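Here is the structure we will look at, set down as structure tokens.
The values are calculated or read from the model by the stated rules, or taken from the named source; none is laboratory data. These numbers come from a predicted model, not from an experiment. Cβ sites come from the backbone with ideal geometry, for glycine too, and all protein chains shown count toward neighbours. All accessible areas refer to the heavy atoms of the entire protein, side chains included, with ligands and DNA or RNA removed. Shrake-Rupley method; radii C 1.70, N 1.55, O 1.52, S 1.80 Å.
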Amino acid sequence: MEYWKDEAEPIKAFLALFEAAGNDPELSEGLKKVNQLIWFDYTESGPNCSFYMDSRGGELKSGPGKPAENPDLVMSLSADDAHRSWSNKLNPVMAITRRKIRVKGSATGLLKLAPKLNKVAAIYVKVLKELGWEDKIIK
């Protein structure tokens, strides 16, 4: 991995990102409208490198690992490409067409949030700073 020392680091960062995004009214509403259980599968970067986000039923929940239920959507990519994506340095639509991101299920709802990636990236930078990982911020 280019950005991470082990498989636990990206999950810690991405879960903190989703928690912070859930506290932003605009992003929270957008995520709730996705209304899916999504598994972000980064296991090519390590067997325990994944997390889920559940926005069904008007609530936002996330946690490490694969969800207990079958996900509606699986986004498979490396933890480094996920870091680039959350940093708004990897266009998700282009990454899907180039197979850097592999999708199982309908990503339509999630892709509707693509215009908000600048806001997500700003929150992600703040999260990385709070974690003391300024060296991971992509300029």
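Some notes on this structure:
- E69 vs. criteria among the acidic types (D, E) and either part of a helix (DSSP H, G or I) or within 14 Å of the chain's Cα centre (by Cα) (or both): no
- I11 meets the conditions (1) in a helix (DSSP H, G or I); (2) open to solvent by less than 40 Å² (accessible area, probe 1.4 Å); (3) touching a Lys or Arg at 6+ places or on another chain (Cβ under 9 Å) in every case but one. The failed one is (3).
- Residue check for G105: at pLDDT 95 or above and on the phi > 0 side of the Ramachandran plot: no
- Lone unmet requirement of (1) outside any loop (DSSP other than H, G, I, E, B); (2) at pLDDT 95 or above; (3) farther than 17 Å from V120 by Cα; (4) hydrophobic (A, V, I, L, M, F, W, C) for W4: (1)
- Filter result for G65 (on the phi > 0 side of the Ramachandran plot and in contact with a strand residue (DSSP E or B) (Cβ under 8 Å, 6 or more places away or on another chain)): yes
- Per the listing K100, K104, K126, K89, the residue uniquely open to solvent by 20 Å² or more (accessible area, probe 1.4 Å), without any contact (Cβ under 8 Å) to a residue 40 or more places away in the chain and under 23 Å from D6 (Cβ atoms) is K100.
- Among the residues making up region 48-74, a single one is within 21 Å of T108 (Cα to Cα), of a type in the set (S, T, N, Q) and surrounded by fewer than 19 Cβ atoms within 10 Å (Cβ to Cβ): N70.
- With respect to the conditions (1) within 24 Å of E7 (Cα to Cα); (2) touching a strand residue (DSSP E or B) at 6+ places or on another chain (Cβ under 6 Å); (3) open to solvent by 20 Å² or more (accessible area, probe 1.4 Å), Q36 falls short on a single one, namely (1).
- Of the residues making up region 12-54, those that are more than 21 Å from A122 (Cβ to Cβ) and either modelled with pLDDT of 95 or more or not polar (S, T, N, Q) (or both) are L37, I38, W39, D41, Y42, E44, G46, P47, C49, S50, Y52, D54.
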